[in-house]
1. With a 1.4 Å probe and all protein chains kept in place, how much accessible area does PHE134 have, in Å² rounded to the nearest 10?
2. Where does each of 89-96, 144-151, 58-65, 101-108 land if you order them by average Cβ count within 10 Å, highest first?
3. At a 10 angstrom cut-off on C-beta neighbours, averaged per residue, how do the peptides 33-41, 115-123 rank from highest to lowest?
4. At q = 0.12, 0.16, 0.24 Å⁻¹, what log₁₀ I(q)/I(0) does the stretch 30-127 have when each alpha carbon counts as one equal point scatterer in the Debye sum?
5. Counting alpha carbon pairs within less than 8 Å and at least 6 residues apart, what relative contact order, in whole percent, applies to the stretch 48-178?
6. Using only the Cα atoms of the stretch 107-146, build the gyration tensor, take square roots of its eigenvalues as a ≥ b ≥ c, and label the shape rounded, prolate or oblate: rounded if a/c is under 1.5, else prolate if a/b is larger than b/c, else oblate.
Amino acid sequence: MKKAGISFLMLLSLWLAGTPKAVAQANVHFVAPNMSVEPGNYFLAPIKVAGFRRIVGVQYSMNWNPEVLRYDGIMNPALNAGIPENFGLSGVESGVLTFSWYDQTLTGMTLPDSASLYLVRFQAIGSAGSATVFTFGNVPTTKEVVDTSFQAITAGFYDGLISVMNPNSIADIADVPV
């Protein structure tokens, strides 16, 4: 007797082959700031995101020149990211901060475009005229973003530039019409 529908063996083989893949998210973007700061000042460098939809996991390293910036902490982490649980702080004196987070519910988290993933607090210790690129790197933590398809997705990582400038130079920049 033949039954209508899908047999148990067919269901089992579909399950073993994997469930159909969801359409992967086109892009998620991580953006480090471009900033001008005064020597000696403390400031917040936001790590912003766009296209952050149904993300299950994120990891990467951030790098800067420790002769220009001194790490001073993490503030306002989104995604219930904990400090130090999701941040590797052992290399901050050398200019390396790692970030590794996953959604324990595996349902995926969404953030609005231009939201800050977290803020890095620095002190500008370089002299006026110095600068450092604030980069997303692969060492020691490889860049990877995973969405609810549980596959690595394409992500854009945009480095920033932090310039240490004397107060008059910063005021001159602020007066330039946009």
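The values are calculated or read from the model by the stated rules, or taken from the named source; none is laboratory data. Model, not experiment: these values are computed from the prediction. Glycine also receives a Cβ, built like all others from the backbone with ideal geometry; neighbour counts cover every protein chain displayed. Protein only, heavy atoms only, side chains kept; ligands, DNA and RNA dropped before computing areas. Shrake-Rupley method; radii C 1.70, N 1.55, O 1.52, S 1.80 Å.
1. Looks like 0 Å² after rounding.
2. In decreasing order of mean packing, 89-96, 144-151, 58-65, 101-108 become 58-65, 144-151, 89-96, 101-108.
3. Numbers: 33-41: 15.8, 115-123: 18.9.
Highest-to-lowest ranking by the protection proxy: 115-123, 33-41.
4. -0.40, -0.68, -1.33
5. On the way: 262 pairs, mean separation 48.5, N = 131.
Over the stretch 48-178, the number comes to 37 percent.
6. On the way: a/c = 3.34, a/b = 1.76, b/c = 1.90.
The shape class here is oblate.
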